[in-house]
Amino acid sequence: MKEILVLSGKGGTGKTSLASSFMYYAKSCIACDYDVDASNLPILLKPNKIEDYAFSAGETAYIDNESCIDCGVCAALCRFDAIISDPSYQVVPLSCEGCGFCAQVCPVQAVTMIARSSGRWFQALSHVGQPLFFAELRPGEENSGKLVAQVKSVARKFGTDCRMPLIISDGPPGIGCAVISSLVAVDLVILVAEPSLSGFHDLQRVSELMRMRGVKGGVIINKWDLNPSASHEIEAWAQQNNILFLGRVPFSERIAEMVAKAAIPGADPDIENLLRPIWENIQRLLVS
Amino acid sequence: MQIAVASGKGGTGKTLLATTLMRVLSSYGPVLIDADVEEPNAGLILGIKPDTTHEVNRPVPAIDPDRCNYCGKCAEICKFNALIVMVNQVLVYNELCHSCGACAYLCPQNAITEIGHPIGQIEQTNLAENGILITGRLNIGEAQSPPMVKAAKSKFGAAKIRIIDCPPGTTCSMIESIRNSDYCLLITEPTPFGMHDLELSLEAATMLGIPTGLVINRWQGDDYTIGELSARTGVPILARIPFSAKLAQSYMKGRDPLEAMPSLSFILSDIIKQIREALS
């Protein structure tokens, strides 16, 4: 089984529009959404038969005020400003890192560490019958990397058990823990570039991370005609950096219209004419 | 006054809004903090290079082999599995360490000191037109953004006006970015993706109790369902920035958005007026 991951660095460059279209063309594939705090792939894939699982990672401190003697040792040692005295000592769950330092130093064992509910993950079938794995991190939670790892692990196990040939994953923006976690065991990264100053800058950072992790990649330039000179620059950069150029997609009102009605853009025949050759390049690169 | 500019979805116009707000407020000597430390773009958009750069470190444990007796206490208390104690060796995984300091404090042999682990840079630029840009830039390969966000936000805490350009999403680094703000501007686009992510980011801002207003970007005469969200939650729509191909193209090339869309300065002044009213 192979895994293709779609990344961009910058948000809003068209990852989900393109990833959902490639999933549609691949047919026999598992769809994953690793953007666990702002998951948009299910909006287009319209899943049904959703199975829902709680996800817990890490702990939160809790102070029992009956036993607390107000010595303040925990608050003085906490590096995350997570313990306030208002007027009795209490933990601010959003600030608590779950390190347990307070529980270790409390002279009267008034602090307990409680398992933290971090979110949920889901296994479903898309409206065209493809297996879909996605998740919802609770707002403000850490552990997005762990939730990505959970989604990846269940999707890969399912894929192995059902002898699926391919996973296509829609990645998160940025270069932090969720992206690092998304890159594990991936065979090919598709970079969706936007030909703007910030799009190019962010693309270079995420491709450096990809290179550090030893994963090969190809690049698609989206809305290339909005800035042809920057598009040429990105193409030249890709060639110099051993990143295969997979194709360019022009700015298209039609793609925007498809997304506006929550439909997979690549299912539209005109858009398919644009994207199908790119998908063929991706398949060639995957086996090369 | 500290204004956070955030969004759930990426690419909806946070940096556009934050940098143009800064330009409009230049008479107050504003400080713009680019807290999108994974992909900081405000300096690019303002077309400036940093005047000064300094490295940011966070503490991680270092083991003194002369004192350590390999008792295993540090590995036992570390909730992040950043320490592994073997027969005559302790392995430290800096990338897993959350810098809580528990191991160093609790080591029975006093064999652990904390040393700096570089996580990124803070860049400072003093703008020609009055104002300062602080950029937090996370090192590539570093997994934890919140310490970098904190480091960037610790600068110029006393400035009259601080604008925070936040990372997308609703994770811990977004919370860290909007924390302690007087007002949160959530910018979105009127699409199913924009709407879905807006609701999540609004939940995050509400959890922190920060007064919030919405800005619809690339508006084409239709609020989509954002009007219903506003009516349901009482969170006002402060402005609608019309879609403009000219603005999109000139912004991509790094040109001043206020030149491509002069009416933007009125929209921004009106946003500021509404924030002042909401906070008075």
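The values are calculated or read from the model by the stated rules, or taken from the named source; none is laboratory data. Since the structure is predicted, the reported quantities are computational estimates derived from the model, not experimental observations. Note that we place each Cβ from the backbone using ideal geometry, even for glycine, and neighbour counts take in every protein chain shown. Side chains included, ligands, DNA and RNA excluded: accessible areas come from the protein's heavy atoms. Shrake-Rupley method; radii C 1.70, N 1.55, O 1.52, S 1.80 Å.
What the table shows:
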read-out: Cα-Cα over 29 Å, subset of A:K152/B:K9; A:K216/B:K246; B:K49/B:K160; A:K10/A:K261; B:K49/B:K150; value: A:K216/B:K246
read-out: Selection from B:S269, A:A103, B:I187, by position along the positive dipole direction of the protein assembly as shown (Cβ); value: B:I187
read-out: Reduction of at least 10 Å² in accessible surface, 1.4 Å probe, comparing all protein chains with the chain by itself, residues of the stretch B:151-174; value: B:P168, B:G169, B:T170, B:T171, B:C172
read-out: Probe 1.4 Å, protein heavy atoms only - accessible area per residue of the stretch B:57-118 in square angstrom; value: 54 Å²
read-out: Of all accessible heavy-atom area on the protein assembly as shown, the percent that carbon and sulfur account for (1.4 Å); value: 51 percent
read-out: Two-site label geometry, B:A62 and B:S26: point separation in nm, points 7 Å out along Cα→Cβ; value: 4.6 nm
read-out: Rounded to 10°, Cα long-axis angle of helix B:14-24 versus longest principal axis of chain B; value: 70 degrees
read-out: ³J(HN,Hα), Karplus 6.51/-1.76/1.60, whole Hz, each residue of the stretch A:164-180, x for Gly, Pro; value: 7, x, 8, 10, 10, 10, 8, x, x, x, x, 9, x, 4, 5, 6, 4
read-out: Full-extension gain in nm, A:V108 to A:A236, via 0.36 nm per residue minus C-alpha separation; value: 39.6 nm
read-out: FRET E, pair A:E51, A:K27, Förster distance 25 Å, beta-carbon r, rounded to 0.05; value: 0.65
read-out: Residue-by-residue Karplus 3J(HN,Hα) for the stretch B:261-276, coefficients 6.51, -1.76, 1.60, Hz, glycine and proline x; value: 9, x, 5, 4, 5, 5, 4, 5, 4, 5, 4, 4, 4, 5, 5, 4
read-out: Spatial separation of Cα centroids for the stretch B:203-251 and the stretch B:55-133, in angstrom; value: 41 Å
read-out: Over chain B, relative contact order from alpha-carbon pairs under 8 Å, at least 6 apart, %; value: 26 percent
read-out: Student exercise, the protein assembly as shown dipole from Lys, Arg, Asp, Glu Cβ charges, in Debye to nearest 20; value: 760 debye
read-out: Gaussian network model of chain A, Cα within-10 Å springs - most flexible of A:V36, A:V215, A:V151; value: A:V215
read-out: Sequence of A:D170, A:D70 when ordered by accessible area, the most exposed leading, probe 1.4 angstrom; value: A:D70, A:D170
read-out: Top positive-direction residue, dipole computed over the stretch B:57-118 with Cβ charges, set B:P61, B:V85, B:C74; value: B:C74
read-out: Over chain A: helical MRE at 222 nm, DSSP H runs n ≥ 4 each giving -39500 (n - 2.57), nearest 500; value: -11000 deg cm²/dmol
read-out: Delta accessible area of at least 40 Å² on complex formation, residues of the stretch A:81-102, 1.4 Å probe, chain isolated as reference; value: A:L94, A:E97, A:C99, A:F101
read-out: Dipole of the stretch A:166-214 [Lys/Arg +1, Asp/Glu -1 at C-beta], most positive-end residue of A:L166, A:V192, A:C177; value: A:C177
read-out: Alpha-carbon centroids, the stretch B:140-176 and the stretch B:1-37: separation in whole Å; value: 12 Å
read-out: Buried area at the B-A interface (accessible, heavy atoms, 1.4 Å probe, summed, Å²); value: 4600 Å²
read-out: Mean-position separation - Cα centroids, the stretch A:176-243 and the stretch A:5-19, in angstrom; value: 10 Å
read-out: Cα centre as origin, Lys/Arg/Asp/Glu Cβ charges: the stretch A:58-117 dipole, Debye; value: 160 debye
read-out: Contact order relative to length of the stretch B:151-280, as percent, for alpha carbon pairs under 8 angstrom and 6 or more apart; value: 18 percent
read-out: Antiparallel %, DSSP beta bridges [both residues in chain B], to 5; value: 45 percent
read-out: Surface accessible to a 1.4 Å probe, per residue, for the residues of the stretch B:153-193, Å²; value: 27 Å²
read-out: Given charges at beta-carbon only (K, R positive; D, E negative), |dipole| of the stretch B:57-118 in Debye; value: 120 debye
read-out: Expected 222 nm ellipticity per residue - DSSP helices of 4 or more, -39500 (n - 2.57), all of chain B, to 500; value: -9000 deg cm²/dmol
read-out: Delta accessible area of at least 20 Å² on complex formation, residues of the stretch B:27-44, 1.4 Å probe, chain isolated as reference; value: B:E38, B:E39, B:N41, B:L44
read-out: DSSP bridge orientation in the protein assembly as shown - percent antiparallel, rounded to nearest 5; value: 45 percent
read-out: Shape of the protein assembly as shown, Cα gyration tensor, a/c cut at 1.5; value: oblate
read-out: Chain A - share of DSSP beta bridges that are antiparallel (%, nearest 5); value: 45 percent
read-out: Solvent-accessible surface (1.4 angstrom probe) belonging to A:F122, in square angstrom, nearest 10; value: 20 Å²
